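Written below as structure tokens is the structure these notes are about.
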Amino acid sequence: MVNRTVPPAGPGPALGTDAAGEHGRMWGVARATLDGNWAGGHTVPSRTLYPHQWSWDSAFIAIGWAHIRPDRTWSELDSLFRAQWRDGRVPHIVFNPAVAGGAYFPGPGFWSSNTVEGTPPVATSGLVQPPVHALAAWHAYRRVPSEAGRVALRRLYPRLVAQQRYLATCRDVGGAGLASIVHPWESGLDNSPAWDGPMSAVPAEAAVMRAYRRRDTVHADPAHRPTDLDYARYVTMVTAYRAGGYRDDSLADRHPFLVECPLFNAAMGASEVALAGIAEAIGVDPGPHRERAVAITEAVVTRLYDLDTGTFHPRDLRTGRLTPARTVLGLTPLILPGLPARQVETVLAEARSARFGLAARMDRPLPSHDRTATDFEPLRYWRGPSWMNITWLIRLGLLRHGHDRLAAGLRSSMIDLVAAAGCHEYFHPDTGVGLGSPAFSWTAALLLDVLAD
Ligand code: 2M8
């Protein structure tokens, strides 16, 4: 690993001059993207589409800042965790009061967090996102260790622990040691085919959206975004959760969407591994974190691994069944260092199959959904396009299990995508054309991280 606090003159001694020049140029583009999205204390994912602070975006963004402005790594996370609720949940959106309420739908008025006990002074959503924060904080610190970083870790540690505790207790609706998500937005992969089954059981009609004004379709091509029917269901689910004061008791009796997601739970387990590292660095007992990481890994395998497909699937608590789609979510438990060899082997086979095309030399980027499936949509958001954060996580998993050549394939693929298209939000999984926001923060941040390797 390279520890670097300033941009490199060239990206590394192993490269020829042309590659070094190209990587230096990309470093500059990524840096300018993050600088342009810096909102003073936090970074917006995109100035147009997402003008507030998003939870898991901030975790990935914090990793990128470590390479150019380590102070901003800690501002980013501090700003997010200042908005943590008293019950430990870290909201998926922290609204910037300086941004007009109508700039994003659903805005602060829709969520009404200020009417709920135990919420921060700033307006937030009431949902969460995959808990990649401890993982990111520990990764950023190890990239650029410093005394200021250690002080920040000490400050963040109790908050990260509270975040994990909330998920492991209040959200363990299935009672098997895994957290349930109550909304597809909590998965981060909003309209993934993984949610089609559980979503279809949510009663809603597209006409619900006549009462609201979507803002996303003003900034992005509607053909690339979730549909109005998706949004009607999203709104219905938030309305139900909000009506119960965002409480988590008896969710099984009253909430229309309850799913155990492989990525969400793998992130929870990987964050316990990271918390063990953080605990050691600040002089706290790492033992309980290690034990929880083992227990979560076992539960992910027991509950979410399908012997027939050899990959992981979300479990729909409403039906008790695994959802059938073979999406990229199924590969993400690779980030668990303790994933048993059998599961690593079959997930790798899945990743290397024509469905995902993982190779030491990738001919196309990693898609978010099985490219051989009939419902694969190369332009529509999480139903096919390639995303940098998921590719980064799977690369991390490959490195953790010693598959360095395949990890190098993903690294090159990430660099090639941005070299050709810029720091887009997502990319066409066949052509690599940039889609969505053209100046997207986590793309820039994670590019910096892989360039620095
Ligand atoms: C997307 O989700 C938001 C809702 O949270 C949206 O579509 O408006 C997803 O890609 C999510 O993973 C991401 O965190 C967010 C901001 O980049 O945008």
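The values are calculated or read from the model by the stated rules, or taken from the named source; none is laboratory data. Just so it is clear, the structure is predicted and the values come from calculations on it, not from any experiment. Cβ atoms come from the backbone with ideal geometry, glycine included; neighbour counts cover every protein chain shown.
Among the candidates V173, V122, V151, the residue that is over 24 Å from D453 (Cβ atoms), assigned to a helix (DSSP H, G or I) and away from the ligand (no atom under 16 Å from the Cβ) is uniquely V151. Return a yes/no flag: does region 434-448 have any residue that is outside any loop (DSSP other than H, G, I, E, B) and away from the ligand (no atom under 16 Å from the Cβ). Yes, some residue in region 434-448 is outside any loop (DSSP other than H, G, I, E, B) and away from the ligand (no atom under 16 Å from the Cβ).
Restricting region 373-402 to residues that are among the small types (G, A, S) and within 15 Å of the chain's Cα centre (by Cα), the residue that is nearest to D449 (Cα to Cα) is G397.
To keep it simple, each residue is scored yes or no on (1) in contact (Cβ under 8 Å) with a residue 40 or more places away in the chain; (2) part of a loop (DSSP other than H, G, I, E, B).
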site: F264; (1), (2): yes, no
site: A279; (1), (2): yes, no
site: R290; (1), (2): no, no
site: A295; (1), (2): yes, no
site: T302; (1), (2): yes, no
site: D308; (1), (2): no, yes
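Looking at region 66-87 only, could you name the residues that are within 16 Å of the ligand (Cβ to nearest atom) and either surrounded by fewer than 24 Cβ atoms within 10 Å (Cβ to Cβ) or assigned to a loop (DSSP other than H, G, I, E, B) (or both)?
S79, A83 - these are the residues of region 66-87 that are within 16 Å of the ligand (Cβ to nearest atom) and either surrounded by fewer than 24 Cβ atoms within 10 Å (Cβ to Cβ) or assigned to a loop (DSSP other than H, G, I, E, B) (or both).
Beta carbons closer than 9 Å, at least 6 apart along the sequence or on distinct chains, pair a first residue in region 170-190 that is farther than 16 Å from L329 by Cα with a second that is within 9 Å of the ligand (Cβ to nearest atom) for V182/L127. Does P324 satisfy being at pLDDT 95 or above, more than 19 Å from A137 (Cα to Cα) and in a loop (DSSP other than H, G, I, E, B)? Judged against the criteria, P324 is a match. Within region 1-59, the set of residues being more than 26 Å from the chain's Cα centre (by Cα), loosely packed, with under 14 Cβ neighbours inside 10 Å and modelled with pLDDT of 80 or more comprises G21, R25. If the condition is being among the basic types (K, R) and surrounded by 14 or more Cβ atoms within 10 Å (Cβ to Cβ), then region 278-322 contributes R290, R292, R303, R315, R318. Consider L135 carefully, then state whether it is over 30 Å from H219 (Cα atoms) and under 16 Å from the mean Cα position of the chain (by Cα). Against the criterion (over 30 Å from H219 (Cα atoms) and under 16 Å from the mean Cα position of the chain (by Cα)), L135 qualifies. Checking each residue in region 177-191 for being buried (at least 24 other Cβ atoms within 10 Å of the Cβ), farther than 17 Å from Y241 by Cα and within 12 Å of the ligand (Cβ to nearest atom) picks out G188, L189. Tell me, please, whether a residue that is within 16 Å of the ligand (Cβ to nearest atom), closer than 20 Å to A293 by Cα and touching a residue at least 12 places away in the same chain (Cβ under 8 Å) can be found in region 134-148. The answer is yes, given that some residue of region 134-148 is within 16 Å of the ligand (Cβ to nearest atom), closer than 20 Å to A293 by Cα and touching a residue at least 12 places away in the same chain (Cβ under 8 Å). Could you go through region 201-213 and let me know if any residue there is surrounded by fewer than 17 Cβ atoms within 10 Å (Cβ to Cβ), basic (K, R), under 20 Å from the mean Cα position of the chain (by Cα) and away from the ligand (no atom under 15 Å from the Cβ). Taking every residue of region 201-213 in turn, none turns out to be surrounded by fewer than 17 Cβ atoms within 10 Å (Cβ to Cβ), basic (K, R), under 20 Å from the mean Cα position of the chain (by Cα) and away from the ligand (no atom under 15 Å from the Cβ).
Residue check: D228 meets all listed conditions (1) among the charged types (D, E, K, R); (2) within 11 Å of the ligand (Cβ to nearest atom); (3) at pLDDT 90 or above but one, namely (2).
The set of residues from region 33-65 being part of a helix (DSSP H, G or I), away from the ligand (no atom under 16 Å from the Cβ) and in contact (Cβ under 8 Å) with a residue 12 or more places away in the chain comprises just one member, W65.
Scan the helices (runs of 4 or more DSSP H) fully inside region 333-431 and keep the ones with 2 or more residues being touching a residue at least 60 places away in the same chain (Cβ under 8 Å) and buried (at least 18 other Cβ atoms within 10 Å of the Cβ). Walk me through it before giving the result.
Working: elements: 341-352, 388-400, 404-421.
In region 333-431, 388-400, 404-421 are the helices (runs of 4 or more DSSP H) which contain 2 or more residues that are touching a residue at least 60 places away in the same chain (Cβ under 8 Å) and buried (at least 18 other Cβ atoms within 10 Å of the Cβ).
In region 193-206 there is no residue matching the filter, namely being touching a helix residue (DSSP H, G or I) at 6+ places or on another chain (Cβ under 6 Å) and within 20 Å of Q53 (Cα to Cα).
In region 159-166 there is no residue that is more than 20 Å from the chain's Cα centre (by Cα) and either over 23 Å from W111 (Cα atoms) or at pLDDT below 95 (or both). Just one of the numbered conditions (1) within 12 Å of the ligand (Cβ to nearest atom); (2) under 23 Å from A59 (Cα atoms); (3) at pLDDT 95 or above is not true of Y234: (2).
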